[in-house]
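The values are calculated or read from the model by the stated rules, or taken from the named source; none is laboratory data. All figures in this text were calculated on a predicted structure; none of them were measured in a lab. Cβ atoms come from the backbone with ideal geometry, glycine included; neighbour counts cover every protein chain shown.
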Amino acid sequence: MKFTLDQRVRMKRTENVGTVTSILPGNIIHVKLDSGLGHIPIPAEALEPENMPSNDAPLTATATRPAKPASPPPPPPVKAKKSNTVSKATLHENNGVQLAFDPQLNNEAEPVAYEVYLINSTDKKIIYEVKTMTGSSRRWTKSGLIEANGKKRLEAVEYRWLNEKLTVELDVRAVLTGGTGPRHFQKLSIKPSQFFGKYVDVPELFRESHLYPVFPDVSARNTAPATAPPKTQSLKAMTQAAIAKKPKPPAAQKIDRTDIQEQLDFDEVLDLHLDNLVDDPTSVPKHQVLQLQLKTFDAYLERALKVGVDSIIVIHGVGNGVLKRAIHSRLHHTKFIRDFKNEYHHKYGFGATEIIFD
């Protein structure tokens, strides 16, 4: 099906609606979604015009009014709309081991990178090793342990890597009583036309992402291909060695509570709006705004931990939620934080997050 610029279209799988903004090579359509997910490249076969009927029956027209039937025909069966909601009881059931690519958007709501999550929806702990390559160049390698029905944020892949022969190698073993299970190995070639067609609801992340189911079961069957390179030692031993070689980051230290004056001088509210960070907001390129805001936040959070205040408020605004999600992602991996919440504030509305320290 051919599409044109500014045409209104609908995604067949998720039924998200948007407008065609550009037509890319390889039959890829750039769509600005009304749901706020930004400009998403989508294969043409995954789209349909917005005004197309939900059923597949062709439209026909006649020049004259059809004769009145002797009796009214029975109403057509109502096609139930597929629900995207998943109950807690089935959240982690029968999904196996999966890789999810979570879009990270800039201030123009366009994807600039994808946070990679390894999701273990099995009832066993797994030892994993993930290698990311573009062509023959290794980008990053991650290894470790994931609890049963758990997930792990690994690292990000840049948007431009999708056009650089991006591949991901996943090596997994289940932790069993008395040792580990068989090796499961898979090499995924991340092709743009397939990648954008895998944008689905991911219950484990509570949002839509690009999802790759890899291993449905990790307990019995060995899925390593015959051509996989042999290993001289077990994955468990390699994982332990890699973790031992990685330098441990210095533990965050809180300042002694005796330095009362430094606490009194510390401003417990940080406003990350650009006009509060630089004298001339127009001097900062749009693609660098988010980076500047996060750099400022990181320095402020480190200072707050050092000074030893009880809580802080970070004003990020409402907007498209990119800055808020990035801040919350950092808080999930920061020590000495008891809680953080983005609730209604009498002064800042829903545009601020309160952070409470231990």
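Among the conditions (1) in contact (Cβ under 8 Å) with a residue 12 or more places away in the chain; (2) farther than 18 Å from residue 356 by Cβ, residue 305 misses just one, which is (2).
Residues in the range 325-341 that are touching a helix residue (DSSP H, G or I) at 6+ places or on another chain (Cβ under 7 Å) and assigned to a strand (DSSP E or B): 337, 340.
With respect to residue 18, determine if the residue is within 24 Å of residue 192 (Cβ to Cβ) and modelled with pLDDT under 65. Criteria not met by residue 18.
Scanning the range 152-171 for residues that are within 17 Å of residue 112 (Cα to Cα), buried (at least 16 other Cβ atoms within 10 Å of the Cβ) and either at pLDDT below 90 or β-branched (Val, Ile, Thr) (or both) gives 157, 159, 162. When residue 311 is tested against (1) among the hydroxyl-bearing types (Ser, Thr, Tyr); (2) more than 23 Å from the chain's Cα centre (by Cα); (3) modelled with pLDDT of 70 or more; (4) under 30 Å from residue 199 (Cβ atoms), exactly one condition is not met: (4). Could you grab me the full set of residues in the range 110-146 that are among the aliphatic types (A, V, I, L, M) and touching a residue at least 60 places away in the same chain (Cβ under 8 Å)? If the condition is that a residue be among the aliphatic types (A, V, I, L, M) and touching a residue at least 60 places away in the same chain (Cβ under 8 Å), then 112, 119, 126, 127, 145 are the ones that fit.
Candidates in the range 302-358 are the residues that are in contact with a strand residue (DSSP E or B) (Cβ under 9 Å, 6 or more places away or on another chain) and among the aromatic types (Phe, Trp, Tyr); of these, the one that is surrounded by the fewest Cβ atoms within 10 Å (Cβ to Cβ) is 336. Filtering the range 197-207 to residues that are within 17 Å of residue 159 (Cβ to Cβ) and part of a strand (DSSP E or B) leaves only 199. Looking across the range 294-324, the residues that are assigned to a helix (DSSP H, G or I) and out of contact with any Leu (no Cβ under 9 Å at 6 or more places or on another chain) come down to 295, 298, 299, 302, 303, 305, 306, 307, 324.
Inclusion of residue 135 among residues that are farther than 30 Å from residue 42 by Cβ and not assigned by TED's automatic domain parsing to the domain that holds residue 45 is not warranted. So for the range 180-192 (the condition being assigned to a strand (DSSP E or B), over 20 Å from residue 154 (Cβ atoms) and within 21 Å of the chain's Cα centre (by Cα)), does at least one residue qualify? No: zero hits. Can you find, within the range 249-274, the residue that is surrounded by the fewest Cβ atoms within 10 Å (Cβ to Cβ) among those that are modelled with pLDDT of 75 or more and aliphatic (A, V, I, L, M)? Applying the filter and picking the extreme gives 264. Going through (1) among the aliphatic types (A, V, I, L, M); (2) surrounded by 16 or more Cβ atoms within 10 Å (Cβ to Cβ); (3) at pLDDT below 65 one by one, residue 226 falls short only on (2). In the range 160-170 there is no residue that is assigned to a strand (DSSP E or B), touching a Gly at 6+ places or on another chain (Cβ under 7 Å) and in the same structural domain as residue 112 (by TED's automatic domain parsing).
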